[in-house]
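All remarks here apply to the structure that follows.
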Amino acid sequence: MKQRMNFYEKGFRAMKPLFSLGAYLSRSSVDPSLLELMSFRISQINGCAYCLDMHSKDLRAKGESEQRLYMICAWRETTLYSQRERAALAWAEAVTKLENNEVPDDVYEKALQAFSEEELIDLTMAVIGINSYNRINVAFRTPAGDYVPGQHAALLN
């Protein structure tokens, strides 16, 4: 697949608010590995090859197991994920898909049992952020496969 445009080069100024969101989330009380796991799952849903490459490599560099990465699309069917992770993944999926134009009450209630209101706001902002990146990468066909773990860390400062 041929890249349509290097959006990150041509649209760098337009991306600054997303970089600021990433910087904000890097200071969140939510575990960075959990945010990364959510980003990986959302990128699967959206079919974003660049983000799947990036988040899988960053997760593995932080010690995430191959098995948990392979099984994440079926997280409901396994005991490999904690209750907190399950609540975050359910929230991330519901906010991404917006089936029937809503986030179900039971998903919200479980998320609120596992996270504080501030953390739930941060989870929601993380979902918004990765969905934005997914859409940019899919729209402009950002090439995948060459990402090096930690490559974008400087953008969070």
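The values are calculated or read from the model by the stated rules, or taken from the named source; none is laboratory data. All values derive from a computational prediction rather than experimental measurement. When we count neighbours, we look across all protein chains shown, and the Cβ atoms used for this are built from the backbone with ideal geometry, even at glycine.
I need a count of the residues in the range 136-154 that are over 15 Å from H55 (Cα atoms) and touching a residue at least 40 places away in the same chain (Cβ under 8 Å). Even if it seems obvious, please write down each step before you answer.
Going through the range 136-154, the residues over 15 Å from H55 (Cα atoms) turn out to be 136, 138-141, 154.
With the extra rule that they be touching a residue at least 40 places away in the same chain (Cβ under 8 Å), the set shrinks to 136, 138-141.
Looking only at that region, the number is 5.
Pick from A87, A74: which is surrounded by fewer than 12 Cβ atoms within 10 Å (Cβ to Cβ), among the hydrophobic types (A, V, I, L, M, F, W, C) and farther than 30 Å from Q3 by Cβ?
Numbers: A87 fails: surrounded by fewer than 12 Cβ atoms within 10 Å (Cβ to Cβ).
Going through A87, A74 in turn, just one is surrounded by fewer than 12 Cβ atoms within 10 Å (Cβ to Cβ), among the hydrophobic types (A, V, I, L, M, F, W, C) and farther than 30 Å from Q3 by Cβ: A74.
Can you find a residue in the range 86-93 that is of a type in the set (G, A, S), at pLDDT 95 or above and in contact with a Phe, Trp or Tyr (Cβ under 8 Å, 6 or more places away or on another chain)?
Applying the first criterion (of a type in the set (G, A, S)) to the range 86-93 yields 87-88, 90, 92.
In the following step, the residues that additionally are at pLDDT 95 or above were identified as 87-88, 90, 92.
Filter again for in contact with a Phe, Trp or Tyr (Cβ under 8 Å, 6 or more places away or on another chain), leaving 87-88.
Scanning the range 86-93, I find at least one residue that is of a type in the set (G, A, S), at pLDDT 95 or above and in contact with a Phe, Trp or Tyr (Cβ under 8 Å, 6 or more places away or on another chain), so the answer is yes.
Which of the residues spanning the range 37-66 are outside any helix (DSSP H, G or I) and under 18 Å from V95 (Cα atoms)? Let's see the steps before the verdict.
Filtering the range 37-66 down to residues outside any helix (DSSP H, G or I) leaves 47-48, 62-65.
Matches in the range 37-66: G47, C48.
Determine whether the range 78-91 contains at least one residue that is among the aliphatic types (A, V, I, L, M), in a helix (DSSP H, G or I) and more than 16 Å from the chain's Cα centre (by Cα).
Step one: of the range 78-91, the residues among the aliphatic types (A, V, I, L, M) are 80, 87-90.
Adding the requirement that they be in a helix (DSSP H, G or I) leaves 87-90.
Keeping just the survivors that are more than 16 Å from the chain's Cα centre (by Cα) gives none.
There is no residue in the range 78-91 that is among the aliphatic types (A, V, I, L, M), in a helix (DSSP H, G or I) and more than 16 Å from the chain's Cα centre (by Cα).
Being under 19 Å from L25 (Cβ atoms), at pLDDT below 95 and surrounded by 11 or more Cβ atoms within 10 Å (Cβ to Cβ): is that true of A153 here?
Yes; evaluated as a whole, the condition is true for this residue.
Could you figure out which of (1) surrounded by 15 or more Cβ atoms within 10 Å (Cβ to Cβ); (2) under 20 Å from D146 (Cα atoms) isn't true of G47?
If we test G47 against (1) surrounded by 15 or more Cβ atoms within 10 Å (Cβ to Cβ); (2) under 20 Å from D146 (Cα atoms), just (1) comes out false.
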